[in-house]
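Written out below as structure tokens is the structure these notes cover.
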Amino acid sequence: MTCLIAKNLTYSYSRESNPVLEEVSVSLRPGTLTALVGPNGAGKSTLLNLLQGHNKPDKGKITIDGNELVNNRAQVALMPQRGKLNWNFPITIEGLVSLGRVNHSKLSCCELEAALQRVGISHLAKRRLDSLSGGQQQRALLAKTLMSPAKILLLDEPCSALDPPAREDFLLIIRQLADAGLSLFVSSHDWGSSLNAYDKVVALDKTVLANGSPLEVQQKLDSIDCMRGNYCCG
Ligand SMILES: Nc1ncnc2c1ncn2[C@@H]1O[C@H](COP(=O)(O)OP(=O)(O)OP(=O)(O)O)[C@@H](O)[C@H]1O
């Protein structure tokens, strides 16, 4: 069991600026696929960076199984937003995925193969990253994330550049990972019907607007102006 609990997180990028997150609480449990939705600038990436330990909250606490996150960062892995990466970097898929191995400890080809298989791209191992489709690239990035020992995966807008079929395929893969016991927290701009693929949904806009089952959150969002009917993809 690896449970992450964040309580009352408040964060500003500088002392002079207003907080971009205020009193945000979330809990991530094993075997659970949780969506993080909210409009542009809602603070989704900022929250994922706090949960990964990349930045520290000004206030609030993050624990994993009751222990401070700072001593347990290896339990959490972040798959960054697509736009943060150079997709033209000259590297093969197996080269990219093996970079996900933390501490550069000895890597067996079975581990690499297992990660590629979990996301269904074993046949692309020798291909160059820049020769793949957007959906295949996102799978490769997920395989790289799976090379870490983390049980909690934070995925920042993994479906943003994917067409509906590729998005559906990606959702199936992350559902299988959750069913295998991992905890996944997945940010998205899409708070339409695709939320039904998730076990839980957290809607964020600086604070938590709603938190619960997809149905509960959708009903609540319908009464909130900035979210109502404002569905988009990715
Ligand atoms: N490095 C930074 N320095 C200062 N302000 C930042 C920084 N990164 C983000 N912000 C601000 O924090 C707020 C939240 O940004 P964040 O990227 O977390 O939102 P988001 O919900 O992920 O947005 P999007 O959906 O557009 O990716 C925004 O107002 C943004 O301008």
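The values are calculated or read from the model by the stated rules, or taken from the named source; none is laboratory data. Worth saying up front: this structure is predicted, and the values here are computed from it rather than measured. In this analysis, Cβ positions are derived from the backbone assuming ideal geometry, glycine residues included, and neighbour counts consider all displayed protein chains. Heads up: the accessible areas ignore ligands, DNA and RNA and are worked out on the full protein's heavy atoms, side chains in. Shrake-Rupley method; radii C 1.70, N 1.55, O 1.52, S 1.80 Å.
Out of every Cα-Cα pair that the stretch 132-234 contains, those further apart than 22 angstrom amount to 32 percent.
The three principal axes of the Cα atoms in the stretch 1-101 give end-to-end lengths of 42, 36, 24 Å, sorted in falling order.
For Cys3, the residues 5 or more places off, or on other chains, whose built amide H falls under 5 Å of its own are Asp65. Of all stretches in the chain that contain no trypsin sites (Lys or Arg not before Pro) in a DSSP loop with at most 11 other Cβ atoms within 10 Å, the longest one is 127-227. Over the chain, accessible surface divided per residue gives 48 Å², non-protein components excluded, 1.4 Å probe. If you bin all the Cα-Cα distances of the chain at 5 Å, starting from zero, the percentages per bin are 1, 7, 14, 18, 19, 17, 12, 7, 3, 1, 0. Carbon-plus-sulfur accessible fraction, the stretch 20-85 (probe radius 1.4 Å, protein heavy atoms only): 42%. Averaging over all projection directions, the Cα-based convex hull of the stretch 75-200 occupies 7.6 nm² in the image plane.
Give me the percent of the accessible area of the stretch 100-185 that comes from carbon and sulfur atoms, probe 1.4 Å, all protein chains in place. Of the solvent-accessible surface of the stretch 100-185, carbon and sulfur hold 53 percent. Beta bridges from DSSP with both residues in the chain: antiparallel share about 50 percent, rounded to the nearest 5.
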